[in-house]
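Contents: one structure, followed by commentary.
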Amino acid sequence: LDVRGIQLFGESVPAGIVGGDYFGVWQPNRDALHFCVADVSGKGTPGALIAAMLYASVSTLSVSGDGAAKIVSEVEATLHDQLGEGHYVTLFYGVLNLTSHVLEYVNAGHCPPILRRVNGAIELLSPTRSVLGLLDQQAVGAERIRLCPGDGLTLYTDGITEAADESGEE
């Protein structure tokens, strides 16, 4: 996908038949690009069902054009009663202003995205709050960072960091 010079690539390969990892991209208006990567705790059908609820919530809320903090707060409120005991969601939600190239993001306990600056410098976008659903609903604040032409941002789930070789070693 190429949106006004911003190139996006994505792939999801579940470890089993179904999984709880999720990503999506939306452009609710000409000047903003919303994207989300999430991982639901647990495996198999329960995780996949929660991921489907997450998809429905996030895709509906992204159309509002609101900022990352408001959308994550509303997603958490929606999922609060749906998550069973012991289930939680890690989530990275970003809103990129396509004019200013400012990225507003919330990282709710998700793997830290890797930002590779055009000059080769590496930055990690650390969590800005804890996961969704594990504790009572929390206030959500967002961070902002300006992206420059040539910068690359990599988002991933623990499916990458916990990948195992043929002998089962991570």
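The values are calculated or read from the model by the stated rules, or taken from the named source; none is laboratory data. Treat the numbers as computed from the prediction; the structure is a model and nothing was measured. Cβ atoms come from the backbone with ideal geometry, glycine included; neighbour counts cover every protein chain shown. Quick note on the areas: whole protein, heavy atoms, side chains included, nothing else; ligands and nucleic acids left out. Shrake-Rupley method; radii C 1.70, N 1.55, O 1.52, S 1.80 Å.
So how much accessible area does Thr99 have, in Å² to the nearest 10, using a 1.4 Å probe?
Surface accessible to solvent at Thr99 totals approximately 100 Å².
Could you calculate the contour length gain from Arg146 to Ser100, that is, 0.36 nm times the residue separation minus the distance between their Cα atoms, to one decimal place in nm? Please report the intermediate quantities before stating the final value.
On the way: separation 46, 0.36 × 46 = 16.56 nm, distance 0.78 nm.
Taking Arg146 through Ser100 to full extension adds about 15.8 nm, to one decimal.
Treat each spin label as a single point 7 Å out from the Cα along the C-beta direction, and report the Ala77 to Arg30 distance in nm.
Each label point lies 7 Å from its Cα, and together they span 3.1 nm.
From the P(r) of the chain, could you give the percentage of C-alpha pairs in the tail past 27 Å?
The calculated P(r) of the chain puts 23 percent of pairs beyond 27 Å.
Kindly sort Cys36, Cys111 by accessible area of their heavy atoms, largest first, with the probe set to 1.4 Å.
Sorted descending by solvent-accessible area, the residues read Cys111, Cys36.
Determine how large the accessible area of Leu125 is when every protein chain is in place; take a 1.4 Å probe and give Å² rounded to the nearest 10.
Result for Leu125: roughly 10 Å² accessible.
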